[in-house]
Each structure stands twice: as structure tokens, then as C-alpha cells.
Amino acid sequence: MLEAVTFTVVTLGLAFVSRASLRKPGSHGFYRFIAWECMLGLFVMNMRVWYDNTSAPNQIMAGVLFFISLLLVVFGVVLLKVSGKPDSSRNDVPMFEFEKTTALVTSGIYRYIRHPMYSSLIFLGWGFFCKQPSILGVILAVTASLFMIATARAEESENINYFGDVYREYMKRSKMFVPFIL
């Protein structure tokens, strides 16, 4: 019962904050919502075992993935706010206020990866999976990861429309999610 209530309440909250994106299929926020739902499913499936056997290898791996996720999101958000020059009047696609950047951020973590916050969500999803690995869990984690890739690709198209060739050049010298690899 707790799982169903948690899933329903959080889904309603996510749907509310994503309402503009949900009205625009193909936007990065549309795909992100689906990824969030998969990650929420993983969290809800595993929330009762969150602190069970915390020294087990899968629990330790979950902790490592959560830590990486936290670092990525903190560095990503701070740099976006400090260097991205957000402008609330930008309304080319449905975006959260901090996403409405007017300057392309290519320093710090963004020097190496274009989507640290989406990378953070991928690590978070796999951390949820590691709490209690299962077949359904791997399906949800893979699906969430695929939708995060779709999110990043949609956002890259939006960024090319806004920043033009500067963004295309940036894509050539940086990776999508993992420095030097992917």
C-alpha cells in the first residue's frame, strides 16, 4: 500500500512540474518524465530494503552510484546557474527556469560532458537498481537509461536550434554522459 501511495503521489508531482513538456511530445522534458517514472518505479520497488544489509556489495555499489550522481548534479546545476546566464524570458521550448540559459556552458564538468545532470539521473537510476537487483529492475533501469539518452538527444536538437554551430562544435569536443567514453 505504501508503495502504491508513494508512486501515485510522486507521479502527480512529477506530472505537475512536467505539464508543459507533456503537452509537447518530442521535447526533452517529455522523455525525461518517462525516465523519471521508470526511476520512481525502481525506487518504490526497493524502498523497503533501502537499509537492509548495508555492507552487501550491491548496497555498497548503490552508495557509490548515489555519490557520483550527487557530484554530477551539484557541479552541473551550479555551473549552469553561474555561467549559463539563465533568462526567464527564453521560451523556445518547455524548460525549467534554470535550463533557460543564454550562454553555452563549456567549463568545469561541461568541458568533458554535455549532460552532467542527465548523467546524474542515469547513475541515480542504476543506484536504485543496485539496492535490490531483479529482472524487472534491470528492465526499468535500462528503459530509464534509454529515455535519458532520448532526453539528451532531444535537448541537443533544441540547443543546436538556439546556439547554432557553436553547439555543434562543442559536441565534437565533448562526450554526452561519461568523460572520454560516452
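Below, the figures for the structure above:
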{"quantity": "Any hit, the stretch 19-35, residues being under 14 Å from residue 137 (Cα atoms), touching a helix residue (DSSP H, G or I) at 6+ places or on another chain (Cβ under 8 Å) and surrounded by 12 or more Cβ atoms within 10 Å (Cβ to Cβ)", "calculated": "yes"}
{"quantity": "Helices (runs of 4 or more DSSP H) (entirely within the stretch 1-68) containing at least 3 residues that are in contact (Cβ under 8 Å) with a residue 24 or more places away in the chain and aromatic (Phe, Trp, Tyr)", "calculated": "28-46"}
{"quantity": "Flag for residue 128 being at pLDDT 95 or above, closer than 22 Å to residue 14 by Cβ and of a type in the set (Phe, Trp, Tyr)", "calculated": "yes"}
{"quantity": "Residue satisfying all of: in the stretch 137-153; among the aliphatic types (A, V, I, L, M) and touching a Cys at 6+ places or on another chain (Cβ under 8 Å); nearest to residue 168 (Cα to Cα) among these", "calculated": "144"}
{"quantity": "Residue match in the stretch 58-73 (condition: hydroxyl-bearing (Ser, Thr, Tyr) and either at pLDDT below 95 or in contact with a strand residue (DSSP E or B) (Cβ under 6 Å, 6 or more places away or on another chain) (or both))", "calculated": "no"}
{"quantity": "Residue in the stretch 81-99 that is of a type in the set (A, V, I, L, M) and modelled with pLDDT of 90 or more present", "calculated": "no"}
{"quantity": "Failed item in (1) among the hydrophobic types (A, V, I, L, M, F, W, C); (2) in a loop (DSSP other than H, G, I, E, B); (3) within 29 Å of residue 45 (Cα to Cα); (4) in contact (Cβ under 8 Å) with a residue 12 or more places away in the chain, with residue 182 passing the rest", "calculated": "(4)"}
{"quantity": "Subset of the stretch 116-167 [more than 19 Å from residue 79 (Cα to Cα), surrounded by fewer than 23 Cβ atoms within 10 Å (Cβ to Cβ) and of a type in the set (D, E, K, R)]", "calculated": "153, 158, 165"}
{"quantity": "Pairs where the first residue, in the stretch 106-134, is farther than 14 Å from residue 71 by Cα and of a type in the set (Gly, Ala, Ser) and the second is at pLDDT below 95 and assigned to a helix (DSSP H, G or I), C-beta under 7 Å, 6+ apart", "calculated": "107/79; 107/83"}
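The values are calculated or read from the model by the stated rules, or taken from the named source; none is laboratory data. Quick caveat, the model's predicted, so the values are computed rather than measured. Note: ideal-geometry Cβ built from the backbone for every residue, glycine included; neighbour counts use all protein chains shown.
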